[in-house]
Amino acid sequence: MSRRTRSQGTCQVCHQTKPRRALLPAGLVRDDLLPMIREQVPDWSEDGFICFPCLNRFRTRYIRQLMEKDLGELDELEQEVVQSLQNEELLSENINEQYEQSLGLGDRIADKVAEFGGSWRFIISFSVFLAAWIILNSFLILKAPFDPYPYILLNLVLSLLAAMQAPVIMMSQNRQEERDRLRAENDYQVNLKAELEIRVINEKLDQILHHELPRLLEIQTLQADMLSDLHKKTRR
C-alpha cells in the first residue's frame with residue numbers, strides 16, 4: 001500500500017475519497033448520532049471514516065430534531081396554560097349577579113328598607129318629622145291638638161316603627177351573610193384552582209429543568225465539536 005493510499009480514506013456516507021485530515025474515524029462519532037447515521041447508511045462500520053461535511057450535516061439534522069421536539073412540548077404547555085386560565089375564568093363568577101337573581105320581591109323590599117333605615121336620609125327626614133309633629137301639637141294646634149303632650153300617639157308610632165324595622169334589618173343581615181358565604185365559597189374555589197395551577201406550573205418547570213437541560217447541554221456539546229472541527233480546518 002502506497003503512502004498516498006495510507007494518507008487517504010473513503011467517507012462511508014458520500015463515498016468520496018478524501019485526505020485523512022478531512023475525515024473522522026467512525027469510532028469517534030457521538031453515540032447520539034449513530035441511529036440517524038445507521039438509518040441512512042445501513043452498512044455503517046466502526047472501522048471506517050466519515051467526512052466532516054457529512055458529520056456536520058447529521059449534527060445539524062439532530063439539533064433540528066431536538067429543537068422541533070422542544071417547540072412541540074412548549075406548544076402543549078401553552079395549550080394547557082390557556083385551558084387552565086379559561087377554567088379559572090369560569091370559576092370566577094359574579095356573585096352579586098348570581099345573588100340578585102335568587103332574590104324575591106319581599107327580599108328586595110326588605111333590602112331597600114334596611115338600606116334607607118341605615119342612611120343619613122332616614123335620620124334627617126325622621127328628625128324633620130319628629131320636629132314637625134312636636135311643633136304642630138305644642139304650638140300651632142293649641143285648642144285641639146290630635147296628640148297633646150306627652151305625645152302618646154307619637155310614642156306608639158315610634159314603637160311600631162322600631163318593632164317593624166328590627167326584623168326587616170335582621171332579614172337583610174341574614175341575606176348579607178348568605179352573600180358573604182357565597183363569596184367566600186367562590187374565593188375558596190378560585191384560590192384552590194390557582195394553587196393547583198401553580199403546582200402544575202412548578203411540575204412543568206421541574207420537567208423542563210430535568211428533561212430539557214441535558215438536551216440543551218447536548219446541543220451545546222455538538223456545537224462545540226463543530227466549532228472545534230472548523231477551527232482545526234482553518235489552522236490547516
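When segment 112-157 is examined, which residues are found to be basic (Lys, Arg) and closer than 23 Å to Asn174 by Cα? Scanning segment 112-157 gives a single hit, Lys112. Listed by position, the helices (runs of 4 or more DSSP H) inside segment 9-123 whose residues that are at pLDDT 85 or above and under 19 Å from Met226 (Cα atoms) number at least 1 are 34-40, 52-91. Taking first residues from segment 94-111 that are assigned by TED's automatic domain parsing to the domain that holds Glu178 and closer than 17 Å to Met170 by Cα and partners that are modelled with pLDDT of 75 or more and not hydrophobic (A, V, I, L, M, F, W, C), the Cβ contacts under 7 Å between residues at least 6 apart in sequence or on separate chains come to Asp107/Arg175; Ala110/Ser172; Asp111/Ser172; Asp111/Arg175. Screening Pro148 against (1) surrounded by 14 or more Cβ atoms within 10 Å (Cβ to Cβ); (2) at pLDDT below 80; (3) farther than 28 Å from Ala114 by Cβ leaves a single unmet condition, (1). Does Phe122 satisfy the criteria of being out of contact with any Ser or Thr (no Cβ under 9 Å at 6 or more places or on another chain) and surrounded by fewer than 13 Cβ atoms within 10 Å (Cβ to Cβ)? Answer is no for this residue.
The values are calculated or read from the model by the stated rules, or taken from the named source; none is laboratory data. Just so we're clear, the structure is a prediction, and the values are computed from it rather than from any experiment. Glycine also receives a Cβ, built like all others from the backbone with ideal geometry; neighbour counts cover every protein chain displayed.
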